[in-house]
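Only the coordinates and a few stated rules stand behind these numbers; no lab work does. Note that the structure is a prediction, hence the values are computed from the model and not measured. Every residue, glycine among them, receives a Cβ derived from its backbone with ideal geometry; neighbour counts consider all protein chains shown.
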Amino acid sequence: MGSATYEWMIRNTRKVVTETGFAWPYTQPAWIFSSRKLIIIEGANIRFVNGDVHHAHTEMRAAAGTKNIWIVGGGDLAGQFYDAGLLDELIVQVGSATLGKGKPLFPRRVLSPVLRLVSVHQMGAGMAKLRYEVHKGSVSGAA
């Protein structure tokens, strides 16, 4: 998780508790990528990391076992995992509020054939979930 997403959770603790019953709704370990010192949410299984994503990915893979690793929050963090050749898929949820203004969703120029759209799912009247496969043979920097 990027630091901006983590800080949003801290700022919106009451809302998170109302919706989930907990200040930190995740049971699995989480890695928070930040160059700043951040407060710790009590009861959260969190590791703060800084720098290259490879080292953290090794720890994340060991903790996840056969389960997926989810990169949440800023597109730049997902972009760092992409640059390192560590993304297998990209799942994007788009709603009308995300169109128009704001930070780039995924601040990389990545087009077909690197990203291959494999599914589109409508979520209610205003959202869509797009699922892309990342073809690593085409990823710059991939091993």
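Which chymotrypsin sites (Phe, Trp or Tyr not before Pro) from region 54-91 combine a DSSP loop assignment with at most 13 other Cβ atoms within 10 Å?
Answer by residue number: 70.
Please identify the chymotrypsin sites (Phe, Trp or Tyr not before Pro) of region 1-62 that satisfy two criteria: DSSP loop assignment and at most 16 other Cβ atoms within 10 Å. Which are they?
22, 26
List every DSSP H helix in the chain whose Cα atoms extend 27 Å or more along the helix's own long axis and whose mean Kyte-Doolittle hydropathy is at least 0.5.
Membrane-span-like by this rule: not one helix.
Can you sort 41, 32 from fewest to most other Cβ atoms within 10 Å of each residue's own Cβ?
So the ranking, lowest neighbour count to highest, is 41, 32.
Charges only on Cβ, +1 for Lys and Arg, -1 for Asp and Glu: so what's the dipole of the chain about the Cα centre, in debye to the nearest 20?
Dipole of the chain, to the nearest 20 debye: 300 debye.
If each residue of separation counts as 0.36 nm, what is the full-extension length gain between residue 38 and residue 26 once their alpha-carbon separation is subtracted?
Working it through step by step, the gained length comes to 2.5 nm.
Which one of 40, 17, 27 has its Cα pushed farthest toward the positive end of the charge dipole of the chain, where Lys and Arg give +1 and Asp and Glu give -1 at the Cβ?
17
Taking region 1-59, which trypsin sites (Lys or Arg not before Pro) meet the DSSP loop condition and have no more than 12 other C-beta atoms within 10 Å?
Sparse-neighbourhood loop trypsin sites (Lys or Arg not before Pro): 36, 37.
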